[in-house]
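Comments concern the structure below.
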Amino acid sequence: MSAFRNWADRAFRRAMEANVDNIVRLLEPGTADTALLDLGCDDGAHTARFGAAVGSTNLHGIEIVEHRAQAASARGIKVVAHDLNEPLPYDDASFDVVCSNQVIEHLPDTDRFVAETFRVLRPRGYTVTSTENLASWHNVASLVLGWQPFSLSNVSVKLSGVGNPLAVHREEPHLLSSWEHMRVFAYRGLKELYGAHGFRVEAVVGAGYFPLPAGVGRREPRHAALLTLKARRP
């Protein structure tokens, strides 16, 4: 079992790297003044990479974990400590780009999250959002076995990996409720959610395709481990 978990951990890390690459590929060249907001910016390492891809130094982030927010601030990112379940603390049409990497699945009110993303974007601005894929083959296989999907096994502060004996972090300490997954979308559901809020979806790409190499997900996103969506405000 430990050998499988070690393999699964390495495979997931490769998928996450491919996922960040997908975000970077979907970002468009801008200027130093292009206003970029990263929702759930963590320590700012990815935010800085997104800014470099755009060519912008006008970088903003929201992060609720205090020491991670401090680390992002040290990278020169303008960070606000804020709960993403609440309205965003910005005026309408404040940003050209809004990114979020593995955030939406942690929120109970996904309508508010998408609506607020739309509100703070300028006309013709765009968002790049990544999340786990409920329809990935490893999640489908889990359901066939009567297990909790991998992407919905972190649903308790008492026990990690609930209902899935092969979950990578099973039985590890799990104390932060903000780490729990509330909603996980599949390919079509993610597209329709953003479309329902007025976005024009331009691309959905995948990363990870367990047990095959991570790059396979780019060619067949519907069952990839991770999804990355690009959508524009008209």
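Every number here is computed from the coordinates shown, using simple stated rules; none is lab data. Worth saying up front: this structure is predicted, and the values here are computed from it rather than measured. When we count neighbours, we look across all protein chains shown, and the Cβ atoms used for this are built from the backbone with ideal geometry, even at glycine.
For the reader, a short list of remarks on this structure follows.
- Furthest towards positive pole of dipole, Leu36, Val79, Tyr126, structure part the chain, Cβ charges: Tyr126
- Between the range 184-208 and the range 53-105, the Cα center-to-center distance that results, in Å: 21 Å
- Summed over all non-identical Cα pairs, the Kirkwood treatment of the range 61-115 gives a radius of 12.3 Å.
- Radius of gyration and maximum dimension Dmax of the range 11-105, Cα, Å: 12.8, 40
- FRET efficiency, Asp33 to Val201 (Cβ-Cβ, R0 25 Å, nearest 0.05): 0.40
- Solution diffusion estimate, µm²/s, Stokes-Einstein, the range 68-224, Kirkwood Rh from C-alpha pairs, 25 °C, viscosity 0.890 mPa s: 143 µm²/s
- For the chain, the membrane-span-like helix rule (DSSP H, alpha carbon extent of at least 24 Å along the helix axis, mean Kyte-Doolittle at least -0.5) picks out 2-26; this says nothing about an actual membrane.
- Label-point separation in nm, Val155 to Asp9, each point 7 Å along Cα→Cβ: 2.5 nm
- Paired Rg and Dmax values of the range 131-233, which use every Cα atom, in angstrom: 14.6, 42
- What you get for the range 172-234, charging only the Cβ of Lys and Arg (+1) and of Asp and Glu (-1), is a dipole of about 420 debye around the Cα centre.
- Over the residues of the chain, the helix contribution to mean residue ellipticity at 222 nm works out to -10000 deg cm²/dmol, using -39500 (n - 2.57) for each DSSP H run of at least 4.
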